[in-house]
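Visitor: Sharing a structure here in structure tokens format.
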Amino acid sequence: VLTETQAMILEKFQSTLDEALTPTWGRYHFHLQVARKARSSQQIIWTFEYTRSFVSMMCDLSQALTSSGELQKLCDLDYASAGQKQVLEKAAKFMRAHLAQIVVDFSPLSRELCMQLVEETLELDDWLHTIARKTIAEARDVSKLASSSPDRGSIYAPITVCAVIYDAKEMFHQWLLLEHRHFHFELRGKFQDG
């Protein structure tokens with residue numbers, strides 16, 4: 001378990017990392033805005049792939065900054081996981097805001113766009129959680145950090161983009177309706193075949 005001082009050190013590291021990368025995050029935010037203003041479904045869907053490539057780049061950058069071991073000489077903590085967590089949380093925050101703005105700007109959503117957004121959002125959440133699980137597993141493999149680091153089983157739990165889908169009642173309703181229809185036709189097809 002982290003002491004209060006160790007937690008403060010990691011928070012300061014995350015804050016400093018965030019401050020250093022602010023111009024890069026600003027550019028990312030700019031691209032999200034441009035895609036929304038284009039009012040093109042294709043541009044909107046593109047932002048999900050762009051997010052994956054951008055987050056991969058930011059995670060690699062965070063990893064490079066923490067891999068030298070110089071920070072561990074100051075205080076033996078898991079800076080790599082803290083950096084990854086910062087990047088993933090910030091990306092999820094930007095995408096939640098981006099998706100919420102799309103729901104407002106494009107209301108009412110066409111069924112096709114709605115389902116594409118749901119699918120892309122769920123895939124993005126899965127991708128973010130996969131990166132988080134990989135980071136947790138790598139951190140546990142580093143034996144010298146295992147004793148000084150907290151249990152990471154739930155460290156990435158709040159990272160999710162799909163919460164916006166549940167909050168957007170119209171979008172959630174369309175999603176459930178289409179899932180219901182799909183399930184109904186699947187069952188009907190199985191009974192007709194049998």
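The values are calculated or read from the model by the stated rules, or taken from the named source; none is laboratory data. Bear in mind the structure is a predicted one, so any value in this text is a computation, not a measurement. Cβ sites come from the backbone with ideal geometry, for glycine too, and all protein chains shown count toward neighbours.
Visitor: For the condition over 24 Å from Leu177 (Cα atoms), touching a Phe, Trp or Tyr at 6+ places or on another chain (Cβ under 8 Å) and either surrounded by 12 or more Cβ atoms within 10 Å (Cβ to Cβ) or at pLDDT 90 or above (or both), what is the one hit in Lys134, Lys85, Lys93, Lys37?
Guide: Step by step, each of Lys134, Lys85, Lys93, Lys37 is checked, and only Lys85 is over 24 Å from Leu177 (Cα atoms), touching a Phe, Trp or Tyr at 6+ places or on another chain (Cβ under 8 Å) and either surrounded by 12 or more Cβ atoms within 10 Å (Cβ to Cβ) or at pLDDT 90 or above (or both).
Visitor: Please go through (1) surrounded by 13 or more Cβ atoms within 10 Å (Cβ to Cβ); (2) more than 26 Å from Arg133 (Cβ to Cβ); (3) among the small types (Gly, Ala, Ser) for Ala80 and return the number of the only condition it doesn't satisfy.
Guide: Just one mismatch for Ala80, condition (2).
Visitor: Go through region 3-34 and report how many residues are aliphatic (A, V, I, L, M) and surrounded by 13 or more Cβ atoms within 10 Å (Cβ to Cβ).
Guide: 6
Visitor: On to the next question. Tell me, yes or no, whether region 29-41 has at least one residue that is among the β-branched types (Val, Ile, Thr), closer than 16 Å to Lys90 by Cβ, over 17 Å from the mean Cα position of the chain (by Cα) and part of a helix (DSSP H, G or I). Please lay out each step first, then the result.
Guide: Going through region 29-41, the residues among the β-branched types (Val, Ile, Thr) turn out to be 34.
Going one step further and asking which of them are closer than 16 Å to Lys90 by Cβ, we end up with none.
Within region 29-41 (the criterion being among the β-branched types (Val, Ile, Thr), closer than 16 Å to Lys90 by Cβ, over 17 Å from the mean Cα position of the chain (by Cα) and part of a helix (DSSP H, G or I)), the answer is no, since none of the residues qualifies.
Visitor: Let me ask something else. Between residues in region 120-134 that are closer than 17 Å to Ser62 by Cβ and residues that are modelled with pLDDT under 90, which pairs lie under 7 Å by C-beta distance while being six or more apart or on different chains?
Guide: Close Cβ pairs satisfying both conditions: Leu128/Ile159; Ala132/Tyr156; Ala132/Ile159.
Visitor: Return the residues of region 49-64 that are more than 17 Å from His98 (Cα to Cα) and of a type in the set (Phe, Trp, Tyr); say none if nothing qualifies. Explain how you work it out, then say what you get.
Guide: Looking only at region 49-64, we keep the residues that are more than 17 Å from His98 (Cα to Cα), and these are 56-64.
Within region 49-64, no residue meets the criteria.
Visitor: For region 53-70, state whether one or more residues are part of a helix (DSSP H, G or I), surrounded by 15 or more Cβ atoms within 10 Å (Cβ to Cβ), at negative phi and touching a Pro at 6+ places or on another chain (Cβ under 8 Å).
Guide: Looking through region 53-70, none of the residues is part of a helix (DSSP H, G or I), surrounded by 15 or more Cβ atoms within 10 Å (Cβ to Cβ), at negative phi and touching a Pro at 6+ places or on another chain (Cβ under 8 Å).
Visitor: Report yes if some residue within region 42-49 is within 19 Å of the chain's Cα centre (by Cα), surrounded by 15 or more Cβ atoms within 10 Å (Cβ to Cβ) and of a type in the set (Phe, Trp, Tyr); otherwise report no.
Guide: Scanning region 42-49 turns up at least one residue that is within 19 Å of the chain's Cα centre (by Cα), surrounded by 15 or more Cβ atoms within 10 Å (Cβ to Cβ) and of a type in the set (Phe, Trp, Tyr).
Visitor: Go over the candidates Leu113, Leu122 one by one and state the one that is touching a Phe, Trp or Tyr at 6+ places or on another chain (Cβ under 7 Å) and modelled with pLDDT under 90. If you could, list the steps in order and put the result at the bottom.
Guide: Details: Leu122 fails: touching a Phe, Trp or Tyr at 6+ places or on another chain (Cβ under 7 Å).
Going through Leu113, Leu122 in turn, just one is touching a Phe, Trp or Tyr at 6+ places or on another chain (Cβ under 7 Å) and modelled with pLDDT under 90: Leu113.
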